[in-house]
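Read through the structure below, which is laid out as structure tokens, and then see the notes.
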Amino acid sequence: MGRQRWWLLLAVAAAAAVVVGAGAQETCSDMVPAAPRRGAWMSLASFGGGGGDGRTLSTAAFQAAVASIERRRAPGGALLYVPPGVWLTGPFNLTSHMTLFLARGAVIRATQDTSSWPLIEPLPSYGRGRELPGGRYMSLIHGNGLQDVVITGDNGTIDGQGSAWWDMWKKGTLPFTRPHLLELMNSSDVVVSNVVFQDSPFWNIHPVYCSNVVIRNVTVLAPHDSPNTDGIDPDSSSNVCIEDCYISTGDDLIAIKSGWDEYGMAYGRPSSHITIRRITGSSPFAGFAVGSETSGGVEHVLAEHLNFFSSGFGIHIKTNTGRGGFIRNVTVSDVTLDSVRYGLRIAGDVGGHPDDRYDRNALPVVDGLTIKNVQGQNIREAGSIKGIATSAFSRICLSNVKLNGGAAVRPWKCEAVSGAALDVQPSPCTELTSTSGMSFCTNSL
């Protein structure tokens with residue numbers, strides 16, 4: 001336990017250092033207007049919950065507090081203050097025009113009693129639970145159809161106690177898809193800041209079908225061997241800003257998604273206009289990822305000033321036959337990598353399918369990707385760019401990409417791709433050295 005607390009304190013300190021260093025730098029956080037002054041303030045302790053003793057179940061207290069906010073309809077909404085202490089709870093819903101504020105020393109801790117977790121319908125763009133057919137467990141903190149929601153505090157913690165769920169996954173005894181820590185659906189004007197997310201059963205932060213979302217100054221932690229504990233996954237969402245976060249988890253730190261095969265194509269909502277800046281972290285998988293569930297499309301993405309270490313991939317853009325959709329107009333810039341196995345992977349053969357009804361002729365379009373100003377040390381393999389033979393990836397631009405290792409870095413591998421490479425080490429594959437893709441690459445820079 002002492003070692004875990006040390007790890008948490010170190011991570012929070014690292015996140016704080018990122019924020020301090022970001023002082024006057026460019027920001028997208030004005031994407032969501034400042035929340036109005038809340039007309040009411042209430043403490044969770046007023047609704048019971050055992051005073052945050054870590055043993056008494058506080059689910060009813062959270063539910064009663066949110067219901068009180070809805071009834072009062074105070075001008076500008078209301079703030080729910082979570083005092084210091086450990087508040088053990090099952091899942092609960094938020095409401096519109098609400099701030100959930102975690103004091104320093106406050107911990108919202110998920111119960112490990114799976115019978116306390118309601119089942120909800122699968123997302124329509126996925127057609128079933130992501131892991132198993134049927135429904136899925138509701139996230140610990142949940143909301144649907146909300147507006148003006150703020151989750152913030154003085155670096156309080158939202159603790160998913162995910163180990164019980166991870167064990168069920170490893171033993172193959174999961175009855176339904178695991179819950180997220182935070183999922184907001186069909187919501188707008190959302191801000192998540194200055195909170196620690198820890199040990200989620202599944203993905204940590206999942207805005208889906210949302211618009212105008214800001215996630216900044218957040219720390220996300222889970223052991224590297226925890227399965228599928230993605231950090232932040234914007235999904236079929238638009239106008240999203242993710243800045244100044246420290247993330248260390250068991251799966252992709254940030255992964256942009258937009259639905260799964262025929263269900264995602266039918267739902268047809270892309271992820272678009274997403275800005276990601278000043279992210280630091282470590283993962284056995286990817287630091288920054290797109291996919292592999294991209295059937296609704298992903299476009300207009302800027303990810304810059306990224307720092308990843310001790311990871312599987314620096315950048316991983318992934319899709320598959322049967323996905324359909326598109327990945328286009330994505331720029332990844334100013335990336336520092338240290339002790340990463342693969343610097344870059346862009347692949348058309350990643351990820352399974354929800355069922356056998358997917359359309360094998362639904363081929364994704366991957367076009368207009370720019371990867372520039374990437375510096376890597378202790379890199380094992382430069383990486384690979386492998387498109388689909390009948391749907392080649394086009395206008396892939398690599399510029400000023402320098403990947404070095406203690407030993408010779410294994411060379412690039414490329415198939416079914418066109419584009420250009422400028423000032424790339426190790427030497428780029430021949431598919432990116434033709435003059436045909438040079439004009440796009442020059443213009444994109």
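Scanning region 241-251 for residues that are without any contact (Cβ under 8 Å) to a residue 60 or more places away in the chain and within 15 Å of Val192 (Cβ to Cβ) gives Ile242, Ile247.
Among strands (runs of 3 or more DSSP E) entirely within region 338-445, having at least 3 residues that are open to solvent by 30 Å² or more (accessible area, probe 1.4 Å) and more than 30 Å from Gly127 (Cβ to Cβ) singles out 365-377, 393-403, 417-425.
Within region 87-129, the set of residues being more than 18 Å from Ile151 (Cβ to Cβ), in contact (Cβ under 8 Å) with a residue 24 or more places away in the chain and among the hydrophobic types (A, V, I, L, M, F, W, C) comprises Leu88, Trp117, Leu119, Leu123. Within region 271-295, the set of residues being outside any strand (DSSP E or B) and in contact with a Phe, Trp or Tyr (Cβ under 8 Å, 6 or more places away or on another chain) comprises Ser283, Phe285, Glu293, Thr294, Ser295.
Looking across Gly281, Gly297, Gly291, Gly314, one residue alone is modelled with pLDDT of 95 or more, open to solvent by less than 10 Å² (accessible area, probe 1.4 Å), under 29 Å from Met185 (Cβ atoms) and in contact with a Leu (Cβ under 6 Å, 6 or more places away or on another chain). It is Gly281. If you check Ile276, Ile232, which single one turns out to be crowded, with 24+ Cβ neighbours inside 10 Å and either over 28 Å from Tyr358 (Cα atoms) or free of Cβ contacts under 8 Å to residues at least 24 places away in the same chain (or both)? The conditions single out Ile276. If the condition is being touching a residue at least 60 places away in the same chain (Cβ under 8 Å) and either more than 17 Å from Ala255 (Cα to Cα) or open to solvent by 50 Å² or more (accessible area, probe 1.4 Å) (or both), then region 321-337 contributes Thr321, Gly322, Gly324, Leu337.
Sort out which residues of region 296-322 are assigned to a strand (DSSP E or B) and β-branched (Val, Ile, Thr), and write them in order of number. Within region 296-322, Val298, Val301, Ile315, Ile317 qualify.
Within region 142-159, the set of residues being open to solvent by 20 Å² or more (accessible area, probe 1.4 Å) and not in a strand (DSSP E or B) comprises Gly145, Asp154, Asn155.
Okay, residues lined up against (1) open to solvent by 30 Å² or more (accessible area, probe 1.4 Å); (2) modelled with pLDDT of 95 or more:
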position	(1), (2)
Gly51	yes, no
Thr56	yes, yes
Ser68	no, yes
Gly77	no, yes
Trp87	no, yes
Pro91	no, yes
Leu94	no, yes
Thr99	no, yes
Arg104	yes, yes
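Across region 406-424, the number of residues qualifying as modelled with pLDDT of 95 or more, more than 15 Å from Leu369 (Cα to Cα) and of a type in the set (Val, Ile, Thr) comes to 1. When the criteria are applied in full, Leu306 meets the requirement of being over 13 Å from the mean Cα position of the chain (by Cα) and either buried (at least 24 other Cβ atoms within 10 Å of the Cβ) or over 25 Å from Thr336 (Cβ atoms) (or both). Given the criteria small (Gly, Ala, Ser), assigned to a loop (DSSP other than H, G, I, E, B) and open to solvent by 20 Å² or more (accessible area, probe 1.4 Å), does Gly129 qualify? It is false that Gly129 is small (Gly, Ala, Ser), assigned to a loop (DSSP other than H, G, I, E, B) and open to solvent by 20 Å² or more (accessible area, probe 1.4 Å). For region 160-202: of the residues being over 17 Å from the mean Cα position of the chain (by Cα) and of a type in the set (D, E, K, R), which is most open to solvent (accessible area, probe 1.4 Å)? The selected residue is Lys171.
The values are calculated or read from the model by the stated rules, or taken from the named source; none is laboratory data. Here the structure is a predicted model, which is why all the values come from computation and not from measurement. All Cβ positions, even for glycine, are placed from backbone atoms using ideal geometry, and neighbour counts span all protein chains on display. For the accessible areas, the whole protein counts, side chains as well, though only heavy atoms, and no ligand, DNA or RNA atoms are used. Shrake-Rupley method; radii C 1.70, N 1.55, O 1.52, S 1.80 Å.
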